[in-house]
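The values are calculated or read from the model by the stated rules, or taken from the named source; none is laboratory data. Computed from a predicted structure; not experimentally measured. Backbone-built Cβ (ideal geometry, glycine too); neighbour counts: all protein chains shown. SASA here: full protein model, heavy atoms, side chains in, ligands and nucleic acids out. Shrake-Rupley method; radii C 1.70, N 1.55, O 1.52, S 1.80 Å.
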Amino acid sequence: MSLLLKFAALIDWINTRVGQFTIWLVLAASIISAGNAFSRYGFSLSSNAMLEVQWYLFAAVFTLCAGYTFLRNQHVRIDLISNRMSAKGRNWVDVIGIVVFLIPVAVMIMWMSWPGFVDSYVNMEESSNAGGLIRWPVRLLIPVGFGLLALQAVSELIKRVAFLTGHGPDPLEKPVEHGVAGGSDAQEGTK
């Protein structure tokens with residue numbers, strides 16, 4: 001189990017780095033969006049390439065950050081049900097969901113999107129818009145993003161099995177957030 005947990009830590013490190021880098025793309029997309037609006041309304045100038053860059057960055061944020069979001073346990077969850085379950089129950093539900101749904105679907109999307117990327121790259125597909133960009137970079141985001149999500153699913157599966165077998169902490173337990181003054185509401189309630 002120790003070797004598997006080290007492998008999970010490596011996957012976590014990869015998705016953390018990708019997520020931290022990708023978060024900056026939100027700023028870049030916002031700046032480009034503001035620049036597009038300023039040039040369009042201020043000078044009646046428009047660029048399809050700049051609009052597409054904005055869309056590509058938006059696509060990159062959502063596809064490349066899926067694994068990072070899963071790592072941070074910030075994905076969509078039905079809290080109404082999961083909050084009523086024990087820690088072991090929540091982890092068992094996640095194990096089943098990861099094995100039965102997440103990994104198969106992520107691998108299937110990755111597998112099915114790869115030929116579209118290859119075809120786009122080989123043919124140097126371009127946007128149908130005048131002055132548009134090449135399409136293969138944005139098509140590459142799909143298999144890469146779902147690959148990162150599938151890897152993170154493996155990492156999360158390892159951590160949940162480690163918890164269920166008594167070899168690790170509960171990966172679903174939310175960390176205590178500290179306030180600006182150094183304390184938190186949760187800590188103050190225990191004093």
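Within region 114-121, can one find any residue that is in contact (Cβ under 8 Å) with a residue 60 or more places away in the chain and either under 23 Å from the mean Cα position of the chain (by Cα) or closer than 18 Å to Phe70 by Cα (or both)?
No, because not a single residue in region 114-121 is in contact (Cβ under 8 Å) with a residue 60 or more places away in the chain and either under 23 Å from the mean Cα position of the chain (by Cα) or closer than 18 Å to Phe70 by Cα (or both).
Which condition breaks for Pro104 when tested against (1) closer than 29 Å to Ile14 by Cα; (2) in contact with a helix residue (DSSP H, G or I) (Cβ under 8 Å, 6 or more places away or on another chain); (3) not hydrophobic (A, V, I, L, M, F, W, C)?
(2)
Could you tell me whether Leu157 is in a loop (DSSP other than H, G, I, E, B) and not β-branched (Val, Ile, Thr)?
Here the answer is no, as Leu157 does not meet what is asked.
Could we say that Met110 is open to solvent by 30 Å² or more (accessible area, probe 1.4 Å) and either in contact with a helix residue (DSSP H, G or I) (Cβ under 6 Å, 6 or more places away or on another chain) or in contact (Cβ under 8 Å) with a residue 60 or more places away in the chain (or both) here?
yes
Would you please name the residue that is surrounded by the most Cβ atoms within 10 Å (Cβ to Cβ), looking only at residues in region 121-163 that are among the polar types (S, T, N, Q) and either under 20 Å from Gln54 (Cα atoms) or in contact with a His (Cβ under 7 Å, 6 or more places away or on another chain) (or both)?
Ranking the candidates gives Ser127 first.
Considering only region 1-105, give the helices (runs of 4 or more DSSP H) lying wholly within it that have at least 1 residues that are β-branched (Val, Ile, Thr), open to solvent by 70 Å² or more (accessible area, probe 1.4 Å) and closer than 28 Å to Leu140 by Cα.
Counting at least 1 such residues, we get 2-43.
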